Amino acid sequence: MIGPRSLATLALALGLSVASVRGDEPTVPPDALIIADFEGDDYAGWIATGDAFGPRPARGTLAGQMHVDGFLGLGLVNSFLGGDAAAGTLTSPPFEIRRKTINLLVGGGKFSGETCVDLLVDGRVVRSATGPNGRPGGSERLGWASWDVAEFAGKSATIRVVDARGGSWGHINVDHIVQSDRRLQPEPARRDLVVSSRYLHLPVKNGAAKRRLKLLVDGRTIREFEIELADGPPDFLAFADLAEFRGRPLVIEADPVPPGSTDLSMIAQAETPPDPEGLYRERLRPRFHFTSRRGWLNDPNGLVYHEGEYHLFYQHNPYGWDWGNMHWGHAVSPDLVRWTELPIAIYPRRFGDWAFSGSAVVDKGGLIAAFTSTGRGECIATSADRGRTWAEVPGNPILAHEGRDPKIIWHEPTKRWVMVVYDEAPGRKSIALHASPDLKSWTYLSRVDDFFECPDLFELPVDGDPARTRWVLHAADGLYVIGTFDGEEFRKESGKHRLWSGNFYAAQSFSDMPDGRRVQVGWARGVTFPGMPFNQQMTVPVELTLRTTPEGVRMFAEPVREVASLVRKTHRVPARGIVGTEPPMPGISVDAVAIRLEIEPGSATMSGLLVRGTRVAYDAKSREVRCGDVVAHLDPIDGRIALQILVDRGSIEVFGNGGRVALSVGVIPPDGERSLRLFAEGGTSRLRSLQVDELGAIWGR
Ligand code: FRU
């Protein structure tokens with residue numbers, strides 16, 4: 001057994017003030033008994049297996065590791081030896097439990113059973129702790145964890161540090177393990193109030209420490225999420241909708257906050273979401289691309305038409321500017337372009353069991369959504385009130401597998417539902433197909449290998465001929481293959497083709513369209529809006545078609561015709577030759593515009609437009625359309641290039657020769673630069689036609 005030693009004595013010997021390691025930590029009580037301090041030249045009787053721990057404690061940060069702090073003295077256990085890939089265990093000699101609490105400093109990965117510290121009594125794991133990090137980013141700081149062990153008083157126990165995981169945060173850091181009657185893990189901060197208004201406003205400071213916040217009503221956790229709570233002037237206010245809890249007592253609990261922090265007291269109640277006056281009028285708010293009122297968005301989900309409304313659900317972090325806390329946000333539109341945001345449709349079942357991407361269909365007059373619950377598998381929720389409220393079906397998950405992103409379609413010839421879903425069966429990345437008569441019980445059909453997340457599968461006529469159709473299998477990266485589908489198996493007839501270039505990702509097409517069009521929306525990944533309360537945008541909805549080209553059948557994308565309903569003013573520029581860079585076009589100030597440009601490149605090597613300083617051009621030498629750094633091959637037709645260019649506050653989208661290629665590019669142009677200029681380099685090109693349509697906003701204000 002390890003002899004008891006007082007931590008305070010040790011701290012004195014090391015010339016340290018224990019309590020000063022982090023101002024907000026409790027002082028170490030005088031009754032502390034040290035189980036291990038990892039200050040010695042070896043593990044002092046602890047047994048290491050594997051290659052993650054080495055023969056002796058680490059001295060701080062290891063090669064290739066982010067800065068490690070929050071440990072005491074000079075040494076600690078740090079299983080990053082050999083990087084994240086290394087694995088092993090480190091087990092203490094037996095010791096007697098003589099205090100009510102075992103406290104330990106722990107950091108690193110947050111994977112229970114894989115990067116953890118276990119307390120074993122009678123050979124069983126009775127307590128366990130992990131580090132705080134579950135995904136890239138985060139911090140190597142160690143913090144106190146405390147186990148209540150009064151029930152094991154007098155028993156012999158051992159402690160085992162486990163690293164059984166590679167990859168991001170596949171390591172664990174541990175230091176000073178001490179027994180005491182006091183808990184050293186800081187208690188959560190708490191605030192009590194009564195829900196007097198619909199919304200809770202939550203101040204966010206981007207980059208602040210992420211805190212875990214819990215809202216409890218009647219002792220039940222009703223919301224739990226991570227948030228970068230502002231402790232001073234916030235970057236923006238996020239909000240939580242508590243309509244259904246009005247009048248009830250509410251407890252707000254947060255990870256320990258430093259003493260003197262004001263962040264819980266800055267949480268306020270209000271009848272409206274934050275800043276109703278400024279909403280949708282923010283400086284960089286896109287005029288006609290969908291963005292969320294607040295927070296982060298990524299993949300479009302559950303695109304479906306139902307009873308006069310198009311539904312757009314989306315991957316959403318309502319409480320922060322970055323990816324996280326995945327919910328299904330929700331908006332509806334009468335026309336695919338003007339959107340009204342609604343309350344969150346699908347909440348994560350609990351913290352960490354996120355609602356990842358999926359789809360929606362109409363069945364028996366109601367809406368059905370299929371989504372990935374990261375803790376369970378593919379799940380179904382139904383709504384009987386036009387998508388306003390959702391309830392999970394009792395049989396969830398309806399499919400448990402390694403994978404995500406179910407897209408459900410109705411297959412008329414076999415009269416059953418088909419799910420295409422990203423599947424990560426060991427060693428392969430593929431799209432699996434399953435079938436169901438009732439959306440509840442599913443049978444595996446087949447798979448298509450070498451495809452990654454967010455699949456979509458749909459049938460399209462070739463050249464508009466309903467007697468000649470083909471199926472398209474499409475995945476997150478925008479690559480697609482053309483083939484046939486008999487309800488069992490997708491048979492490829494082509495290699496992978498690319499329609500979209502640039503930041504287009506995780507697109508999906510609408511189900512149950514009223515007019516048979518195949519309309520697709522993607523996530524314009526990486527379009528960020530500095531200083532704004534929202535982040536990321538959707539691409540413009542496009543109509544997809546299959547057309548015969550000299551290279552074979554290809555998919556084309558063109559903005560849906562409804563975009564034309566936003567036009568407020570049109571400028572037309574007569575045909576002429578272009579030489580050099582022309583002065584800004586008079587009378588045109590670019591904010592949100594749709595441009596149609598037709599040029600004959602002629603002898604020019606590069607010609608096109610400068611849109612608020614960004615080149616949107618045709619490179620006649622390489623036969624490429626270029627917008628910013630994004631390029632796509634395009635051959636002229638009869639010596640001409642036709643470009644449709646959609647410009648908004650965060651993006652430029654370009655559609656070449658009727659949608660043969662599509663480019664999505666994130667651009668935040670300089671504030672004062674609103675010009676549009678024609679240019680030609682290396683020769684003369686000819687402007688055949690140019691039309692600039694100024695577009696109004698989609699937000700109804
Ligand atoms: C694609 C994706 C999906 C997943 C979702 C999570 O962008 O990684 O595979 O469901 O985002 O937000």
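List of remarks:
- Of residues in segment 481-504 being open to solvent by less than 70 Å² (accessible area, probe 1.4 Å) and under 15 Å from ALA632 (Cβ atoms), the one farthest from the ligand (Cβ to nearest atom): HIS497
- Unmet criterion (only one of (1) more than 23 Å from PHE504 (Cα to Cα); (2) away from the ligand (no atom under 15 Å from the Cβ); (3) crowded, with 18+ Cβ neighbours inside 10 Å) for LEU399: (2)
- Failed item in (1) assigned to a loop (DSSP other than H, G, I, E, B); (2) open to solvent by less than 20 Å² (accessible area, probe 1.4 Å), with LEU597 passing the rest: (1)
- Odd one out for ALA189, checked against (1) modelled with pLDDT under 95; (2) buried (at least 18 other Cβ atoms within 10 Å of the Cβ); (3) closer than 27 Å to ASP84 by Cα: (3)
- Of all residues in segment 156-177 being of a type in the set (A, V, I, L, M, F, W, C), in a strand (DSSP E or B) and within 23 Å of PHE80 (Cα to Cα), the one that is most open to solvent (accessible area, probe 1.4 Å): VAL162
- If you filter segment 448-476 down to residues that are open to solvent by 60 Å² or more (accessible area, probe 1.4 Å) and within 20 Å of LYS415 (Cα to Cα), you find that the one that is nearest to the ligand (Cβ to nearest atom) is GLU459.
- Against the criterion of being more than 16 Å from the ligand (Cβ to nearest atom) and touching a helix residue (DSSP H, G or I) at 6+ places or on another chain (Cβ under 7 Å), LEU367 does not qualify.
- Qualifying residue in segment 691-701 (condition: open to solvent by less than 30 Å² (accessible area, probe 1.4 Å), under 34 Å from the mean Cα position of the chain (by Cα) and over 30 Å from ARG293 (Cα atoms)): no
- The set of residues in segment 343-381 that are open to solvent by 50 Å² or more (accessible area, probe 1.4 Å), assigned to a strand (DSSP E or B) and over 16 Å from GLY324 (Cβ atoms) contains only PRO343.
- Counting only strands (runs of 3 or more DSSP E) wholly contained in segment 516-589, the ones carrying 3 or more residues that are open to solvent by less than 30 Å² (accessible area, probe 1.4 Å) and at pLDDT 95 or above occupy 519-524, 542-549, 552-559.
- Of the strands (runs of 3 or more DSSP E) lying entirely inside segment 27-126, those containing at least 2 residues that are surrounded by 15 or more Cβ atoms within 10 Å (Cβ to Cβ) and in contact with a Pro (Cβ under 9 Å, 6 or more places away or on another chain) span 33-36, 101-108.
- Applying the set (1) within 26 Å of the chain's Cα centre (by Cα); (2) open to solvent by 10 Å² or more (accessible area, probe 1.4 Å); (3) β-branched (Val, Ile, Thr) to VAL204 leaves exactly one unmet item: (2).
The values are calculated or read from the model by the stated rules, or taken from the named source; none is laboratory data. Computed from a prediction, not measured in an experiment: that's the story for all the values here. Neighbour counts are summed over all protein chains in view; Cβ atoms, including those assigned to glycine, are modelled from backbone coordinates with ideal geometry. The area values use the complete protein model at the heavy-atom level, side chains included, leaving out ligands, DNA and RNA. Shrake-Rupley method; radii C 1.70, N 1.55, O 1.52, S 1.80 Å.
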